[in-house]
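Taking it in order: structure first as structure tokens, then the write-up.
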Protein chains: 2
Amino acid sequence: MRRSDRLVCLTQLFLENPHTAVSLTDLAERLGAAKSSLSEDLAIVRAVFEQRGIGTFETLTGAAGGIRYIPGVSETFAVEFVRGLQKELAEADRILPGGFLFMSDILGRPDVLDAAGRLFAHRFAGAGAEAVLTVETKGIPLAVSTARYLGLPIVVVRRNQRVTEGSAVSLNYVSGSDRRIQTMSLSRRSLREGSRALIIDDFMKAGGTARALVELLAEFHGRVAGIGVFTATLEPEKKLVNDYVSLVDIGQVDEEGRRVEILFGTYFRKESFRKEG
Amino acid sequence: MRRSDRLVCLTQLFLENPHTAVSLTDLAERLGAAKSSLSEDLAIVRAVFEQRGIGTFETLTGAAGGIRYIPGVSETFAVEFVRGLQKELAEADRILPGGFLFMSDILGRPDVLDAAGRLFAHRFAGAGAEAVLTVETKGIPLAVSTARYLGLPIVVVRRNQRVTEGSAVSLNYVSGSDRRIQTMSLSRRSLREGSRALIIDDFMKAGGTARALVELLAEFHGRVAGIGVFTATLEPEKKLVNDYVSLVDIGQVDEEGRRVEILFGTYFRKESFRKEG
């Protein structure tokens with residue numbers, strides 16, 4: 001195989017296996033290349049990926065040696081993406097009775113899912129998550145996209161217990177925003193005991209659902225690797241969870257005037273945004 | 001930019017924008033390359049993609065000219081993937097009371113979602129779908145993955161009407177397998193009138209849910225581009241929909257003996273499998 005062919009193969013292999021360690025010996029064998037040529041190939045791929053904000057590489061030491069691709073996003077990409085959302089979410093006809101925003105169309109779009117997944121995966125790349133946890137329904141596509149970029153499984157918490165889920169752990173909780181009692185249920189077999197999970201959802205108001213997910217995770221002796229939401233409301237300012245990352249924040253919704261205030265989320269708060277550099 | 005860098009860029013660009021026409025003029029500009037060099041680059045990428053079963057390219061004629069990447073899968077990949085599923089799904093401890101199979105772990109795994117999405121996208125590549133339609137909950141990750149490989153939005157039908165979905169079209173139907181009355185609801189704004197949609201779900205028994213989705217689609221003056229399910233039961237042989245593609249078929253479930261018969265799905269029925277070549 002020629003260098004040009006190897007570059008195409010390597011690029012495809014890394015992009016389709018994010019966060020997965022690949023041994024150099026294996027690679028050399030698969031591509032029929034000497035390790036020295038392969039190192040040069042890798043240097044080229046790496047340089048282009050890093051320069052274009054596609055991602056970075058982590059070199060693993062040890063017997064065989066290996067390399068792992070960590071998807072990334074550039075600051076410019078993140079800002080442009082959220083600026084686009086800001087414009088779309090502020091459209092007057094998205095305001096539904098009760099001051100809710102219609103977002104289902106946006107949450108189904110491949111470009112949005114892809115970019116949001118990338119942003120979350122980038123932000124939580126070093127959090128040591130072993131699974132991405134979400135609760136049905138609207139957070140699932142975001143969780144799938146995030147999990148894809150982290151190379152992790154997704155685990156879906158159900159609102160009702162299902163016969164097809166086997167034995168499950170259930171939890172009743174009071175929704176933070178409307179004070180209704182809600183139920184969550186997670187099948188015993190869906191999540192390994194003691195897992196570290198990244199929680200992803202589409203929306204956070206008071207944070208009651210996120211907190212319930214944290215508690216449910218504790219029932220599995222698991223830990224939270226992070227909480228990422230697509231949108232969060234500015235009010236109430238104090239959420240029921242300590243720490244979360246939002247892409248977009250929703251301020252005042254003026255149902256009469258059909259205006260809504262859409263802001264950059266906590267993802268962009270200076271301190272943490274800089275950290276990503 | 002050198003050829004080697006351009007190859008990495010092109011590979012990334014195509015992989016991350018399946019089914020999207022890219023104009024050669026745009027490409028040449030973005031990569032700062034002459035059109036003639038670019039044509040040679042594209043020939044290299046194309047050859048590797050086709051040889052490795054990553055996908056094919058479609059050249060579009062017209063003023064500017066363009067090219068589109070169509071993700072594919074090799075026969076070997078499809079067979080190996082389903083052979084792996086066959087083994088896993090046949091594990092004795094997957095059998096739940098009532099003869100159901102526990103599959104939620106498998107349906108959350110990134111390798112499975114990726115491969116299943118690829119297979120469906122490959123099979124329905126030419127069906128002219130404009131959206132991927134599914135009903136909550138377990139089919140959503142499969143729909144997301146399929147939609148990603150087709151470059152399409154997903155549309156999620158809900159079991160209940162929600163305030164965050166705005167006005168919706170609802171449908172009551174009798175579930176084919178357990179004869180219970182169920183409800184489906186799709187928000188008016190989620191699907192453009194007259195859309196052609198690909199239906200994706202995790203499981204089909206009698207086909208009642210799929211048929212209800214077809215009917216719901218008709219309420220939007222839409223048409224069905226195809227129906228793809230991860231698993232289908234062999235019984236009842238006659239389904240409530242005429243045509244569907246399953247990856248895996250479930251035969252006899254022996255709850256006492258803890259044995260289940262798992263077969264290759266209709267995806268692999270000779271005639272249609274060959275067609276893909």
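Bear in mind these aren't lab numbers, they're just calculated from the coordinates by the rules spelled out. Because the structure is predicted, anything quoted here is derived from the model rather than measured. Don't worry about glycine lacking a Cβ; one is built from the backbone with ideal geometry, like all the others, and counts go over all protein chains shown.
At a glance:
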{"read-out": "Counted charge near B:LEU142, where neighbours are those whose Cβ lies closer than 10 Å (Asp, Glu -1; Lys, Arg +1)", "value": "-1"}
{"read-out": "Simple spin-label estimate for A:ASN172 and B:PHE57 in nanometres, 7 Å along Cα-Cβ", "value": "6.2 nm"}
{"read-out": "Relative contact order [Cα under 8 Å, 6+ residues apart], the range B:75-276, whole percent", "value": "20 percent"}
{"read-out": "Value of Rg to Rh for chain B (Rh from inverse mean 1/r over Cα pairs, i.e. Kirkwood)", "value": "1.02"}
{"read-out": "Hz values of 3J(HN,Hα) by residue in the range A:154-170 - Karplus curve (6.51, -1.76, 1.60), Gly and Pro given as x", "value": "9, 10, 9, 7, 9, 7, 10, 6, 10, 5, 6, 9, x, 5, 9, 9, 10"}
{"read-out": "Shielding by partners, peptide A:149-159 (average Cβ within 10 angstrom, other chains)", "value": "4"}
{"read-out": "Rounded, prolate or oblate (a/c below 1.5 giving rounded, otherwise prolate when a/b exceeds b/c) for the range B:3-71 by Cα gyration tensor", "value": "oblate"}
{"read-out": "Nearest-ten-degree value, helix A:110-123 long axis tilted from longest Cα axis of chain A", "value": "80 degrees"}
{"read-out": "Shielding by partners - mean other protein chain Cβ count within 10 Å, residues of A:136-143", "value": "6"}
{"read-out": "Pairwise label distance in nanometres, A:ASN17 with A:GLU91, each label 7 Å out on the Cα-Cβ vector", "value": "4.1 nm"}
{"read-out": "Amide N of the range B:137-160 lying under 19 Å from the label point, which is placed 7 angstrom from the Cα of B:ARG189 along Cα→Cβ", "value": "B:153-160"}
{"read-out": "Pairwise FRET efficiency - A:GLU255 versus B:ARG83, Cβ, R0 = 60 Å, nearest 0.05", "value": "0.60"}
{"read-out": "When each of A:LYS35/B:LYS87; A:LYS138/A:LYS239; A:LYS239/B:LYS138; A:LYS87/B:LYS35; A:LYS87/B:LYS138; A:LYS35/B:LYS35 is checked by Cα-Cα distance, pairs over 26 Å", "value": "A:LYS35/B:LYS87; A:LYS239/B:LYS138; A:LYS87/B:LYS35; A:LYS87/B:LYS138; A:LYS35/B:LYS35"}
{"read-out": "Student exercise, the protein assembly as shown dipole from Lys, Arg, Asp, Glu Cβ charges, in Debye to nearest 20", "value": "80 debye"}
{"read-out": "Listed peptides B:47-53, A:196-202, B:139-145 by packing density, highest first (mean Cβ within 10 Å)", "value": "B:139-145, A:196-202, B:47-53"}
{"read-out": "Inter-copy label distances at B:GLY98 (7 Å, Cα→Cβ; nm, one decimal)", "value": "2.9"}
{"read-out": "Rh by Kirkwood over Cα pairs, then Stokes-Einstein D for the protein assembly as shown at 1.567 mPa s and 4 °C, µm²/s", "value": "53 µm²/s"}
{"read-out": "Degrees between helix A:35-51 axis and first principal axis of chain A (Cα, 0 to 90, nearest 10)", "value": "30 degrees"}
{"read-out": "Equivalent-ellipsoid semi-axes of the range A:1-126, from the Cα gyration tensor, Å, largest first", "value": "39, 13, 12"}
{"read-out": "Charge dipole magnitude, Cβ of K and R +1, D and E -1 - the range B:3-71, Cα centre, debye nearest 20", "value": "80 debye"}
{"read-out": "Rounded tilt (10° steps) of B:140-150 against the dominant C-alpha axis of chain B", "value": "30 degrees"}
{"read-out": "Helix-only mean residue ellipticity at 222 nm for chain B, each DSSP H run of n ≥ 4 adding -39500 (n - 2.57), per residue, nearest 500", "value": "-11000 deg cm²/dmol"}
